[in-house]
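J.: I'd like to ask some things about the structure below.
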Amino acid sequence: MKPEDAYRWLINAAAASYDAFDIHVVSAILALALADARIGNGTILEGTGLDKSSFSNLAIDMFPDIHAALDIEAGDAEVVVDDEEQSIRDILTMFASGAGPLERSLVAMIARRCKWPHHLWQDLGLRNRGELSTLMKRHFSRLADRNRQDMKWKKFLYRLVCGSEGFVLCTAPVCSECDDFKICFGAEDGESRLAWARNAPATAA
């Protein structure tokens, strides 16, 4: 199953009571994890960072018509969270705008997708970096407020982790004097990992 096919399957089965943007975000993340699992690249649980109970609850809540099929697809493999990933979870939890099930699921999924090699917005399956900024402002507003210079989100999260653990991540006292400025800031160009998304109607934020 291609990611775009998995996305359409999820979107078509989404609960009408949920906000369209939140459904889009969760469907995009699950679509990539599902597509990877179908070709043998881990499991859905490993791709999302959700344990079986959390995944099942999310599926029942957001995709009630296909939750049983999603449960079967997900399997029951144990999800291992290393210290680095747990630190990102802790940062996100600390700054979450709410403490509901959706925020808890997003914490796990964002932290897990930070381990993938592309821009974070790409590895979440989003259309562009702007959608990631909308996601952060909506569900992690105090964290978004702290990213005043609009640093790339993965860099920003890891910088906070290193600061909380007492490590020195930056080679200069201020970003404007750093030789790595272009790595941490600037455009995050590239194709969406959901190829069809470039031509899809914009989802209301």
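J.: Give the residue that is surrounded by the most Cβ atoms within 10 Å (Cβ to Cβ), with candidates limited to residues of the stretch 135-161 that are in contact (Cβ under 8 Å) with a residue 60 or more places away in the chain and closer than 16 Å to G98 by Cβ.
T.: The residue in question is L135.
J.: Scan the stretch 20-36 and give yes if some residue there is assigned to a helix (DSSP H, G or I) and out of contact with any helix residue (DSSP H, G or I) (no Cβ under 9 Å at 6 or more places or on another chain), otherwise no.
T.: yes
J.: Of everything in the stretch 114-130, what is among the charged types (D, E, K, R) and either free of Cβ contacts under 8 Å to residues at least 60 places away in the same chain or open to solvent by less than 20 Å² (accessible area, probe 1.4 Å) (or both)? Give them in sequence order.
T.: K115, D123, R129
J.: Just to be sure before I move on: is L102 part of a loop (DSSP other than H, G, I, E, B), at pLDDT 70 or above and of a type in the set (A, V, I, L, M) in the structure I sent?
T.: no
J.: When you look at A77, is it closer than 25 Å to T43 by Cβ, open to solvent by 20 Å² or more (accessible area, probe 1.4 Å) and either modelled with pLDDT under 90 or part of a helix (DSSP H, G or I) (or both), yes or no?
T.: It is true that A77 is closer than 25 Å to T43 by Cβ, open to solvent by 20 Å² or more (accessible area, probe 1.4 Å) and either modelled with pLDDT under 90 or part of a helix (DSSP H, G or I) (or both).
J.: Given the structure, is G42 open to solvent by less than 40 Å² (accessible area, probe 1.4 Å), out of contact with any strand residue (DSSP E or B) (no Cβ under 9 Å at 6 or more places or on another chain), without any contact (Cβ under 8 Å) to a residue 24 or more places away in the chain and not in a helix (DSSP H, G or I)?
T.: The answer is yes for G42.
J.: If you check D61, D51, D65, D83, which single one turns out to be closer than 29 Å to D145 by Cβ, among the acidic types (D, E), open to solvent by 10 Å² or more (accessible area, probe 1.4 Å) and at pLDDT 95 or above?
T.: D61
The values are calculated or read from the model by the stated rules, or taken from the named source; none is laboratory data. Everything quoted here is computed from the prediction, not taken from an experiment. Note: ideal-geometry Cβ built from the backbone for every residue, glycine included; neighbour counts use all protein chains shown. Ligands, DNA and RNA are stripped out before the accessible areas are found, and what is left, the full protein with its side chains, is counted by its heavy atoms. Shrake-Rupley method; radii C 1.70, N 1.55, O 1.52, S 1.80 Å.
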